[in-house]
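Report on one structure; see the data block that follows.
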There are 2 protein chains.
Amino acid sequence: MRATVMFGAGDVRVVDVADPQLKEPTDAVVRVLRSAICGTDLLHYGAMPPDEQGMRIGHEFLGIVEETGSEVSGLTAGDLVVAPFMYADNTCSFCGEGLHTSCARGGLWGLDGVDGAQGEAVRVPCAEGTLVRLPVPADSALLPSLLTLADVFATGHHAAVTAGVGPRKTVTVIGDGAVGLSAVLAAKRLGAEEITLMGRHTERTDLGRAFGATAVIAERGEEGVERLREATGGRGTHAVLECVGSLTALETAFGVARDGGTVSRVGVPQYLEGPVGFDVFHRNVTLTGGVAPTRAYIEELLPDVLEGRVEPGRVFDRTISLEETPEGYRAMAERTALKVLVKP
Amino acid sequence: MRATVMFGAGDVRVVDVADPQLKEPTDAVVRVLRSAICGTDLLHYGAMPPDEQGMRIGHEFLGIVEETGSEVSGLTAGDLVVAPFMYADNTCSFCGEGLHTSCARGGLWGLDGVDGAQGEAVRVPCAEGTLVRLPVPADSALLPSLLTLADVFATGHHAAVTAGVGPRKTVTVIGDGAVGLSAVLAAKRLGAEEITLMGRHTERTDLGRAFGATAVIAERGEEGVERLREATGGRGTHAVLECVGSLTALETAFGVARDGGTVSRVGVPQYLEGPVGFDVFHRNVTLTGGVAPTRAYIEELLPDVLEGRVEPGRVFDRTISLEETPEGYRAMAERTALKVLVKP
């Protein structure tokens, strides 16, 4: 089959790879209907050392079950399913606590002999625990929104939930990428009173407003903190959803957090140490979040997507074929696309 | 009156100071019945630059109301009251959220013309919001335990509450000082399933066992982390109560936290930056806690103290007179006393 392989920074190609086959009785093979390119893929695209063997890539997909192993129940060939961005058994004690990202049997797509999602098909380990059936036809207009349950919308939701977003809570979202915009939508869905989006790309923050942002701050760093403080009587907001991952974004997050408030981060940290000394302690600011266990949230978020109450798929502003993924990476790296949908 | 003044590292004296008088209509004057020396006082005792004027010190006291300002309701001369380690109005939006330590009208004892607690009497700003009446006589045997509501027991409780301690939760407490032992007692009171105390002073960890610790680990640093991991099937505990404040203690705390777990710190951080990078993110470990708003907890904890269900006053292992506070500081600095009770 054809699949996307990254051979180094800036070097993504679509090449022939082995067709996926069942290896374990708990596996399934899924033909990919929709995949996507993620900001996390871009981190590799910007930094991967050259590697002749290459790395399979992509971790967001939905598709049709083609085959299931002998120990897989509840799934049959022809089912339309979505996969979270990490597979997991959904039975261990971590999965039971909703922390599928710490499942000992779980892992990341594209590693350890598991297919990446940006290809024609994927062998799915722990298929019964990983895959969630979607009650829509394969040509449903909802596919883009349903695909966001794999990662970005559920990741934004993780930020909002762990930050305690709800009615009467004020929220700042840092970052106007697909996750930041998804976090706005998630905060709105959870009933946040006010949502300020910190981002400076107007076409993106406009979508943030459509998703529920009540204010936008374009300034960054200390100036951005000052603006947010001015707008909140000097106090900051109860919840801060940090959707970037840089040290600057974390500093900004602490700067705009209300005393007693919570910073939840879902952008992969690009730092080893963070400013969690006396100021954060004295103000009782909590730092939470982490890699999002999206599997834990899919069933909860699904009805609102199916019934059209939220349209997280609006983050996709370009659709390409599988053969065009190199172009998709370029577009996202150059910020001419917010998020790219791949239709193999 | 006589009061304790710190003139620099290792230089504590009891001297004559002005008698406290009402300054604001919201003030009260309280004659001190019991005070205490705290680990936080010791930080100054170890590091304060020489200062001829000196600094009034002490932030834990209970006593008898002598006089109240014209705007103070609910308190009258003769009432026995306890004060939290910061005063606060108990009416602002932060106090309403249980975060009295961020009250704009609040502050610390001993600063800004406010008396320290290690003296004969104290002028209490925001008296109505700050003081809590204690329904016991002035010679009650419960006074030591009631005094811990000012700081250490309520601070341990803050750690436990913010870490989500409760039934079916496993807990590690780092530090066998008075706050660490109080955190053990608080975790036990909240129903924790297992409580491991990390500390190496046997006479202190013995009290920790009496307070509810189910295991003690004497090793520190990486060795301590390994021991705790071994004891928990490699997983760590849901809650970690960090009651020291050093960077090593914070590193240990993250090391023993279960994925998805919470580190709550109540020891004043002796660091500017902490290790909150990818590992903590990937494991979804939360960092919370902070300076404890003990005022928020006094009413909740009071009945259990009054009815003898908890005896947090057992952390006091030495009682001295006010004139002996210099000796009390020495004893705590040399670790010959765990926590010193001062009876003016």
task: Considering only residues that are in contact with a Ser or Thr (Cβ under 7 Å, 6 or more places away or on another chain) and within 14 Å of B:D151 (Cα to Cα), look in the range B:269-294 and name the one that is nearest to the other protein chains (Cβ to nearest Cβ).
output: B:V291
query: Which of the residues spanning the range A:239-265 are facing chain B (nearest Cβ under 9 Å) and over 17 Å from A:L190 (Cα atoms)?
result: A:G245, A:L250, A:R258, A:D259, A:G260, A:R265
task: Scan the range A:59-71 for residues that are out of contact with any Cys (no Cβ under 8 Å at 6 or more places or on another chain), in a loop (DSSP other than H, G, I, E, B) and open to solvent by less than 20 Å² (accessible area, probe 1.4 Å) and jot them down.
output: A:G69
field: Filtered residues of the range B:98-128 (kept if more than 18 Å from B:R31 (Cα to Cα) and of a type in the set (G, A, S))
entry: B:G98, B:S102, B:A104, B:G106, B:G107
query: For the range B:168-248, list the helices (runs of 4 or more DSSP H) that sit wholly inside it and hold at least 2 residues that are under 18 Å from B:V152 (Cα atoms), in contact with a Cys (Cβ under 7 Å, 6 or more places away or on another chain) and not aromatic (F, W, Y); which are they?
result: B:178-189
task: Would you tally the residues in the range B:12-24 being part of a strand (DSSP E or B) and open to solvent by 50 Å² or more (accessible area, probe 1.4 Å)?
output: 2
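Rundown of residues vs (1) surrounded by fewer than 19 Cβ atoms within 10 Å (Cβ to Cβ); (2) touching a helix residue (DSSP H, G or I) at 6+ places or on another chain (Cβ under 7 Å); (3) in a strand (DSSP E or B), yes/no style:
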site	(1), (2), (3)
B:G313	no, yes, no
B:T319	yes, no, yes
B:P326	yes, no, no
B:Y329	no, yes, no
B:A337	no, yes, no
B:V342	no, yes, yes
task: Select from the range B:35-53 the residues that are in a loop (DSSP other than H, G, I, E, B), open to solvent by 20 Å² or more (accessible area, probe 1.4 Å) and not charged (D, E, K, R) and list them in ascending order.
output: B:M48, B:P49, B:P50, B:Q53
statement: Of those in the range B:268-303 that are open to solvent by less than 10 Å² (accessible area, probe 1.4 Å) and aliphatic (A, V, I, L, M), the residue nearest to B:H59 (Cα to Cα) is B:A292
- prompt: Out of (1) in contact with a helix residue (DSSP H, G or I) (Cβ under 9 Å, 6 or more places away or on another chain); (2) within 13 Å of another protein chain (Cβ to nearest Cβ); (3) of a type in the set (F, W, Y), the odd one out for A:Y297 is which?
  reply: (2)
query: Which residues, counting only those in the range A:211-229, are more than 18 Å from A:E193 (Cβ to Cβ) and out of contact with any strand residue (DSSP E or B) (no Cβ under 6 Å at 6 or more places or on another chain)?
result: A:A218, A:E219, A:R220, A:G221, A:E222, A:E223, A:V225, A:E226
- request: Hey, can you tell me all the residues within the range A:77-104 that are more than 14 Å from chain B (Cβ to nearest Cβ) and farther than 27 Å from A:S321 by Cα?
  value: A:D89, A:N90, A:T91
- request: Go through the residues of the range A:259-273 one by one and say whether even a single one is aromatic (F, W, Y) and farther than 26 Å from B:R258 by Cα.
  value: no
task: Hey, can you tell me all the residues within the range B:87-108 that are more than 22 Å from A:T262 (Cβ to Cβ) and hydrophobic (A, V, I, L, M, F, W, C)?
output: B:L108
- prompt: Would the range B:186-200 turn up any residue that is open to solvent by 30 Å² or more (accessible area, probe 1.4 Å), over 17 Å from B:H238 (Cβ atoms) and in contact (Cβ under 8 Å) with a residue 12 or more places away in the chain?
  reply: yes
message: Residues that are under 30 Å from A:T336 (Cα atoms), among the polar types (S, T, N, Q) and touching a Gly at 6+ places or on another chain (Cβ under 9 Å): does the range A:46-63 have at least one?
response: no
- line: Residues of the range A:263-299 being assigned to a helix (DSSP H, G or I) and within 20 Å of A:F94 (Cβ to Cβ), in sequence order, are A:T294, A:R295, A:A296, A:I298, A:E299
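The values are calculated or read from the model by the stated rules, or taken from the named source; none is laboratory data. No experiment lies behind these values; they were computed from the predicted model shown. When we count neighbours, we look across all protein chains shown, and the Cβ atoms used for this are built from the backbone with ideal geometry, even at glycine. Accessible surface areas use protein heavy atoms only, side chains included; no ligands, DNA or RNA. Shrake-Rupley method; radii C 1.70, N 1.55, O 1.52, S 1.80 Å.
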